[in-house]
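Peer 1: Just passing along the structure, written as structure tokens.
The values are calculated or read from the model by the stated rules, or taken from the named source; none is laboratory data. These figures come from a predicted structure and were not determined experimentally. With ideal geometry, Cβ positions are generated from the backbone for all residues, glycine too; neighbour counts draw on all protein chains shown.
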Ligand code: FES
Ligand code: FES
């Protein structure tokens, strides 16, 4: 079904700051999150977790626990009827670890724990207290194994193995040109090492599911689940039943940010097992402590960058070597590092780029998807490096970036020509430069460095390009179902999930735009895997472009049928008819609209009486992408978005305390669907990015996390976040049905380098390891933990010089 | 307060204007009583150690973390939760402002934010932006970056003052 050009060019509803379709219940307290639900006859499920970060299980005795008061079932790995392993890409994560002989496939051992968050047994009991008491009665014999915690060490041949198949999870390479040639004509060469921390998603709602047994050996699960279809695949595989026997829905989700994927899949599998074993509904809720222990994190990266610059200041060669800590299980590591390898060199023209990204297993908490998905780490490195090169070239960092950024038709390091959409980074940088007064401030603050001062001011910039949606990582299609009721109200459901980011509102607004009804006529149903086709995961900022495009498709089908009837009623040809604001009328090419007396509601009623199908399933398949594994060349993503951040900071010269005073964020996300939602995405993404740059690190020592709750793991409060100025550069993209693209993740990937570059502008000190703690800012290194890690510490060496190159 | 068998304690408190009599365990928190016994699930559980503010309610006019208050301590008190904000179907100005300003995303922090803001405006009807930030500094939000929340509270204050 074609969508008329007028939808794309003259939206009447898109872009408006409409309130959320799911907002009301959230301010009245009526919104039901999973933990607000209970089932009649439900029992509580709890998990016994590992006592060692790496150990073989030699014995497991649950008999006493079985007899404890209130206990209904105790399960171990032996009780899993189907596949005991889960994993979105590599099936390497046991739903429960067990003793030898409990099962497991080739190359996997089920009989060991690999991180402290691993589960060993499940208990279901009448009350939560009884269930937790019974955990203490389970006896587990462990034979501790050597622990590996540094991913670079894990890749050495002598390292202990976390999985039998080796510690290398994945290796992606990009081979573009030949850096050996490029470095020949380099006038200056910069070599820098960067490191980024492991961080916690810190969604405010802890994980929760309720599973109910249904006939045919299946289950129905409701939970705080981000990616319902991947969870369904895993639950069906663990139970050994077909997909149609497993129905997964989400309740209102209290945030996810990429975080309620694998951890929820495992929890749903465990609840499903207990539900099948007990024949009763089972509720499982993590405490915050359990959540922090068990949930996966953002990958810590170690990044070695080498860049050559020719006499004119252009990048002529880049060589990057990057290692990511995958923790105990692969989770999304293969895909996360894919995005890293594609985007590692940043949005800059360079003829010779070689990049290697490897992810390694360790006995740390596993790492997976988190807002940004492999980009915040590489964006930090490249944006700090380019900033330093600019200053060294005698240019301010904004002007330098504008010289070297991609423009229409440029070729990326994967050999992809950027075409078919506006490559707007220069426009974005120009806009943010004007809004923030960047260039003038940057020179002034730099000059002020010469004089002693108690407080120093600095301004910093960072920018990025980002591939939209999944790219060559996976199948990329989504469904939205639109139904118009006989009274003209509308029900929309979609395969994309709302975790709080506003997908329901954005998708509903796309449907309402095309149908011509106000947004308050639309109700959005929570996603249900049995009622909508598998639409892939709601990740990679793909909700608005994929779900929204499918919604536009569905709405266009219904509208076309309705307009036939309207043409008959009004005696006008279909091509003259327009529906807008819930009224049917005639419109001209210039976007004029003359309403008739026919309302959308009356038209819907008439269609219903004539037996017209007032419902349609919309489908959107992303344009093609391609990838050559060996060379890392191809159309990595079907289109890109562009963004820039500027931070202005004040640094206390005495304490190293950094205060972010003001912040600017400019994005080209294609057509803005909902201004209120879009601004909210930017605000939240920036706040999270500031936490990444200045505050947050989920520290782990020998496999043992040092934080277990928000008293130890600090995220930004209202006092830490500055006033933010948000602007959009709107270049509608033909890739999105209504010109829309993506926004959720680009907002989060460049705040940290903007702040760190601002600190450099204020102090002259380049910080290459975040978070930029007080001591980093004051003396350029960590006091709480050595800048060297793992084996280098063990060797007692000042072995590696973190800063090499000419001016060190 | 009379002692009951099995260590239960009788308490009486007013919740959203309704008097409630309950027999509670001495260790039970106000949060558990609100969510578990009274089924007022609008008040959220985010950390249970007084760090996230998701469980904030107004107790005798002050915003408190209900996970840190024992139910027995609330004996005789007046408690306002998010469910008590709207009156006769009409949203409270704070609730309206939160919706209009996009101060709600996932909504998990929202009830606590609303209650902290409610307590603030009762004490300081025309707060400065800084005062709003201070008042909600104990309420974590991972979604909004706080800006829309601050704007919403200021707008609600402005509306109340102009009417
Ligand atoms: S649940 Fe009470 S402060 Fe977090
Ligand atoms: S809206 Fe999600 S935590 Fe505040």
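Peer 1: Looking only at helices (runs of 4 or more DSSP H) that lie completely in the stretch A:322-415, which have at least 3 residues being over 18 Å from the mean Cα position of the chain (by Cα)?
Peer 2: By residue number, A:375-392, A:397-404.
Peer 1: What do you reckon, is residue A:275 away from ligand 2 (no atom under 16 Å from the Cβ) and in contact with a helix residue (DSSP H, G or I) (Cβ under 9 Å, 6 or more places away or on another chain)? Steps first, answer last, please.
Peer 2: Values: away from ligand 2 (no atom under 16 Å from the Cβ): yes; in contact with a helix residue (DSSP H, G or I) (Cβ under 9 Å, 6 or more places away or on another chain): no.
No, not satisfied.
Peer 1: Looking at the stretch B:106-130, which of its residues are part of a helix (DSSP H, G or I), out of contact with any helix residue (DSSP H, G or I) (no Cβ under 7 Å at 6 or more places or on another chain) and away from ligand 2 (no atom under 14 Å from the Cβ)? Spell out how you get there, then give the answer.
Peer 2: Within the stretch B:106-130, the first condition is being part of a helix (DSSP H, G or I), and the residues that meet it are B:110-123, B:129-130.
After this cut, where a residue has to be out of contact with any helix residue (DSSP H, G or I) (no Cβ under 7 Å at 6 or more places or on another chain) as well, the list is B:112, B:119, B:122-123, B:130.
Residues satisfying the conditions are B:119, B:122, B:123, B:130.
Peer 1: Here's a check for you: in the stretch B:46-96, which residue that is part of a helix (DSSP H, G or I) and within 16 Å of ligand 2 (Cβ to nearest atom) is farthest from residue B:155 (Cα to Cα)?
Peer 2: B:82
Peer 1: Applying the selection to the stretch A:116-173, what residues are buried (at least 20 other Cβ atoms within 10 Å of the Cβ) and in a strand (DSSP E or B)?
Peer 2: A:119, A:120, A:121, A:122, A:123, A:124, A:125, A:140, A:169, A:170, A:172
Peer 1: Looking at (1) within 16 Å of ligand 2 (Cβ to nearest atom); (2) within 10 Å of another protein chain (Cβ to nearest Cβ); (3) under 25 Å from residue A:260 (Cβ atoms), which is the only condition residue B:36 fails?
Peer 2: The number of the failed condition is (1).
Peer 1: Please indicate, with yes or no, whether at least one residue in the stretch B:13-26 is within 14 Å of chain A (Cβ to nearest Cβ), within 16 Å of ligand 2 (Cβ to nearest atom) and part of a strand (DSSP E or B).
Peer 2: no
Peer 1: Just one of the numbered conditions (1) more than 15 Å from ligand 1 (Cβ to nearest atom); (2) without any contact (Cβ under 8 Å) to a residue 60 or more places away in the chain; (3) surrounded by fewer than 24 Cβ atoms within 10 Å (Cβ to Cβ) is not true of residue B:153; which one?
Peer 2: The single condition residue B:153 does not satisfy is (3).
Peer 1: For residue B:129, which of the numbered conditions (1) buried (at least 18 other Cβ atoms within 10 Å of the Cβ); (2) farther than 15 Å from residue B:159 by Cβ; (3) without any contact (Cβ under 8 Å) to a residue 60 or more places away in the chain fails to hold?
Peer 2: The single condition residue B:129 does not satisfy is (1).
Peer 1: If you don't mind, there's one more thing I want to ask. Pick out the one residue from A:21, A:27, A:40 that is more than 10 Å from every other protein chain (Cβ to nearest Cβ) and closer than 30 Å to residue B:115 by Cβ.
Peer 2: A:21
Peer 1: Do you know which of the residues in the stretch A:688-728 that are surrounded by 21 or more Cβ atoms within 10 Å (Cβ to Cβ) and more than 23 Å from residue A:255 (Cβ to Cβ) is nearest to the other protein chains (Cβ to nearest Cβ)?
Peer 2: Among those that are surrounded by 21 or more Cβ atoms within 10 Å (Cβ to Cβ) and more than 23 Å from residue A:255 (Cβ to Cβ), it is A:728.
Peer 1: Shifting gears a bit: Consider residue B:97 carefully, then state whether it is crowded, with 24+ Cβ neighbours inside 10 Å, closer than 19 Å to residue A:504 by Cβ and away from ligand 1 (no atom under 16 Å from the Cβ). Quick ask: steps written out before the conclusion?
Peer 2: Details: crowded, with 24+ Cβ neighbours inside 10 Å: yes; closer than 19 Å to residue A:504 by Cβ: no; away from ligand 1 (no atom under 16 Å from the Cβ): yes.
It is false that residue B:97 is crowded, with 24+ Cβ neighbours inside 10 Å, closer than 19 Å to residue A:504 by Cβ and away from ligand 1 (no atom under 16 Å from the Cβ).
Peer 1: Out of B:67, B:109, B:52, B:47, report the one residue that is more than 10 Å from chain A (Cβ to nearest Cβ) and within 13 Å of ligand 1 (Cβ to nearest atom).
Peer 2: Among B:67, B:109, B:52, B:47, only B:67 is more than 10 Å from chain A (Cβ to nearest Cβ) and within 13 Å of ligand 1 (Cβ to nearest atom).
Peer 1: Let me spell it out: the conditions are (1) farther than 16 Å from residue A:256 by Cβ; (2) assigned to a helix (DSSP H, G or I); (3) at pLDDT below 95; (4) in contact with a helix residue (DSSP H, G or I) (Cβ under 9 Å, 6 or more places away or on another chain), and residue A:564 meets all of them except one. Which number is the exception?
Peer 2: In the conditions (1) farther than 16 Å from residue A:256 by Cβ; (2) assigned to a helix (DSSP H, G or I); (3) at pLDDT below 95; (4) in contact with a helix residue (DSSP H, G or I) (Cβ under 9 Å, 6 or more places away or on another chain), residue A:564 misses (3) alone.
Peer 1: Which condition breaks for residue A:655 when tested against (1) more than 14 Å from every other protein chain (Cβ to nearest Cβ); (2) part of a helix (DSSP H, G or I); (3) more than 18 Å from the chain's Cα centre (by Cα)?
Peer 2: Looking at each condition in turn, residue A:655 falls short on (2).
Peer 1: Inside the stretch B:78-88, can you point out the residues that are more than 10 Å from every other protein chain (Cβ to nearest Cβ) and surrounded by fewer than 24 Cβ atoms within 10 Å (Cβ to Cβ)?
Peer 2: B:78, B:80, B:87, B:88, listed by residue number.
Peer 1: If residue B:99 satisfies every condition in (1) touching a strand residue (DSSP E or B) at 6+ places or on another chain (Cβ under 8 Å); (2) free of Cβ contacts under 8 Å to residues at least 24 places away in the same chain; (3) within 16 Å of ligand 2 (Cβ to nearest atom) but one, which is the exception?
Peer 2: (1)
Peer 1: From the list A:234, A:195, pick out the single residue that is modelled with pLDDT of 95 or more, within 30 Å of residue A:150 (Cα to Cα), surrounded by fewer than 24 Cβ atoms within 10 Å (Cβ to Cβ) and not assigned by TED's automatic domain parsing to the domain that holds residue A:768.
Peer 2: A:195
Peer 1: Among the residues of the stretch B:134-147, write down those that are within 7 Å of another protein chain (Cβ to nearest Cβ) and in contact with a helix residue (DSSP H, G or I) (Cβ under 6 Å, 6 or more places away or on another chain).
Peer 2: Answer for the stretch B:134-147, where residues must be within 7 Å of another protein chain (Cβ to nearest Cβ) and in contact with a helix residue (DSSP H, G or I) (Cβ under 6 Å, 6 or more places away or on another chain): B:136, B:143, B:144, B:145, B:147.
Peer 1: Would you call residue B:57 touching a helix residue (DSSP H, G or I) at 6+ places or on another chain (Cβ under 7 Å) and more than 14 Å from chain A (Cβ to nearest Cβ)?
Peer 2: On the way: touching a helix residue (DSSP H, G or I) at 6+ places or on another chain (Cβ under 7 Å): yes; more than 14 Å from chain A (Cβ to nearest Cβ): no.
No: the conditions fail for residue B:57.
Peer 1: Looking at residue A:638, is it part of a loop (DSSP other than H, G, I, E, B), surrounded by 15 or more Cβ atoms within 10 Å (Cβ to Cβ) and modelled with pLDDT under 95?
Peer 2: In short, yes.
Peer 1: Filter the stretch B:23-37 down to residues that are surrounded by 18 or more Cβ atoms within 10 Å (Cβ to Cβ) and closer than 12 Å to residue B:8 by Cβ, then give me how many there are.
Peer 2: 2
Peer 1: Follow-up question, since we're still on this one. Please go through the stretch B:50-70 and pick out each residue that is surrounded by fewer than 22 Cβ atoms within 10 Å (Cβ to Cβ), closer than 23 Å to residue A:202 by Cα and out of contact with any strand residue (DSSP E or B) (no Cβ under 6 Å at 6 or more places or on another chain).
Peer 2: Residues satisfying the conditions are B:51, B:68.
Peer 1: Follow-up question, since we're still on this one. Within 16 Å of ligand 1 (Cβ to nearest atom), more than 18 Å from residue A:722 (Cα to Cα) and touching a strand residue (DSSP E or B) at 6+ places or on another chain (Cβ under 8 Å) - does that describe any residue in the stretch B:133-142?
Peer 2: No.
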